[in-house]
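Readers should treat all values here as calculations from the given coordinates under stated rules, not as data from a laboratory. In this text, all values refer to a predicted model and were calculated from it rather than measured experimentally. All Cβ positions, glycine included, derive from the backbone under ideal geometry; neighbour counts span all protein chains shown.
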Amino acid sequence: MMRRNVLLFHNAALGDFVMTWPIALALGRVLAQSRIVYVTSVSKGRLAERFIKTEFADIETGWHGLYQDPPQLSDKVRQYLNGLQIGIVFSQEPQSRFICHLRDLTGNQGMIIPVSPHPVSGVHVWEHQRRQLQDLAVLYDAVGQIHHLIESQGISRSRKNSPCRLLIHPGSGSVKKNWSVDSFSRVASHMQRYGWDVRFILGEVERDKLPVSNLRIIQRVAPVVWCGDLDQLADQLQDSDAYLGNDSGPTHLAALTGLATVAMFGPNSDPTVWAPRGPRVKILRFDSPPESVVESLLNVSAT
């Protein structure tokens with residue numbers, strides 16, 4: 001019997017993407033005989049394949065034809081749609097041309113479910129997305145079970161290093177969400193005195209936006225690892241024992257994997273909505289002194 005396709009369409013940033021993983025995991029549990037496929041960028045697809053064992057289809061290979069009128073689809077895209085069982089589209093526009101064409105093309109064959117990824121009120125993004133699945137009671141319950149599973153044990157296990165290794169990511173998608181580089185550097189120095197091996201990780205965003213003066217500050221304290229893609233980021237996370245960062249995609253990923261995580265939230269980040277979720281997570285505000293951040297890192301990594 002041909003396996004049916006469950007397609008999850010996602011074309012936004014890493015943090016938003018990671019926050020949809022509970023739904024993908026729940027679908028895999030409820031529809032164990034189906035193919036769970038993310039339609040997304042290659043880098044994010046590979047990340048999901050690595051951590052939660054979903055398949056992926058490159059969103060750049062013909063899927064944008066669903067925005068055209070009439071739709072222009074490749075044979076490969078049509079194969080996915082011909083076997084469609086459920087399609088979940090993470091979009092703020094439930095009546096977008098993409099979704100309308102998807103419904104027209106699949107007809108009564110598959111169920112198309114738009115899911116608004118971003119809450120409009122003080123509801124955590126997980127719960128906001130889950131509430132939109134209330135009409136599918138089995139899936140709704142399964143998502144809740146996955147939430148509990150992630151918060152109790154995470155989705156992966158990090159390696160135990162000697163000495164313990166701390167990964168610090170001082171950036172994010174917005175400069176307004178970044179704790180000061182001086183504060184990160186002070187935490188790094190304190191952790192080194194406790195015998196920790198500290199590394200800073202920087203990505204393409206920091207390569208473009210981080211001032212040279214700030215780069216020099218952190219380079220004086222600890223080695224800097226440039227992560228050119230998400231595979232390299234995942235390697236660094238899985239080879240670490242604790243993580244410190246801002247409200248960012250790497251922070252959400254670190255928390256979900258089960259890594260001991262301290263997340264710094266400033267006035268432009270709402271932890272009620274965007275708190276990282278995982279078994280060992282501590283959220284602190286920007287006005288926290290570096291010494292208290294060090295204490296939190298030591299405490300959360302000891303659990």
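In this simple spin-label model, placing a label point 7 Å from the Cα along the Cα-to-Cβ direction at both Arg97 and Gln192 gives a separation of 5.5 nm. Sorting Val293, Val30 by the number of Cβ atoms found within 10 Å of their own Cβ, with the fewest placed first, yields Val30, Val293.
Dipole magnitude for the chain: about 500 debye, using +1 per Lys or Arg Cβ and -1 per Asp or Glu Cβ, origin at the Cα centre. The angle between the Cα long axis of helix 97-106 and the longest principal axis of the Cα atoms of the chain comes to about 50 degrees, rounded to the nearest 10. Principal axis extents of the Cα atoms in the chain, from largest to smallest and rounded to whole angstrom, are 63, 37, 36.
For the pair Glu295 and Gln68 in one chain, pulling the backbone fully straight at 0.36 nm per residue adds 76.3 nm over the alpha carbon distance.
Taking Cα atoms only, the orientation of helix 21-30 departs from the longest principal axis of the chain by about 50 degrees. The sum of -39500 (n - 2.57) across all DSSP H runs of n ≥ 4, divided by the residue count of the chain, sets its helix-only mean residue ellipticity at 222 nm to -12500 deg cm²/dmol. The Rg/Rh ratio for region 5-153, using Cα coordinates for both the radius of gyration and the Kirkwood hydrodynamic radius, is 0.94. The mean sequence distance of close C-alpha pairs (under 8 Å, at least 6 residues apart), as a share of the length of the chain, puts its relative contact order at 18 percent. Counting only Cβ charges, +1 for Lys and Arg and -1 for Asp and Glu, the dipole size of region 111-224 around its Cα centre is about 640 debye. What does a probe at Phe286 reach in region 158-199, counting residues whose amide N is under 20 Å from the point 7 Å along Cα→Cβ? Within reach of a label on Phe286, which here means backbone N under 20 Å from a point 7 Å along Cα→Cβ, region 158-199 contributes 168-188.
Full extension of the chain between Met111 and Arg220 gives 33.8 nm of extra length, using 0.36 nm per residue less the Cα-Cα distance. For region 165-302, evaluate the Debye formula with one uniform point scatterer on each Cα (no solvent term) and list log10 I(q)/I(0) at q = 0.08, 0.16, 0.17, 0.18 Å⁻¹, rounded to two decimals. Taken in order of the listed q values, log10 I(q)/I(0) reads -0.17, -0.73, -0.84, -0.96.
Working from label points 7 Å from Cα in the Cα-to-Cβ sense, the Leu149 to Val30 distance is 1.4 nm. With Cα atoms defining each centre, region 152-190 and region 204-265 are spaced 6 Å apart in the structure. In terms of the mean number of neighbouring beta-carbon atoms within 10 Å, the peptides 4-17, 114-127 order highest first as 4-17, 114-127. Divide the volume of the convex hull around the Cα atoms of region 103-192 by the residue count and you get 199 Å³ per residue.
Highest mean first, the peptides 53-61, 237-245 sorted by other C-beta atoms within 10 Å per residue fall in the order 237-245, 53-61.
Gain on full extension, evaluated as 0.36 nm per residue between Ser180 and Ala302 minus their Cα-Cα distance, stands at 41.3 nm. Taking label positions 7 Å along the Cα-Cβ direction at both Arg78 and Ala137, the computed distance is 4.0 nm, reported to one decimal. Residues of region 9-32 falling in the label zone of Thr61, defined by backbone nitrogen less than 18 Å from a point 7 Å along Cα to beta-carbon, are 9-11.
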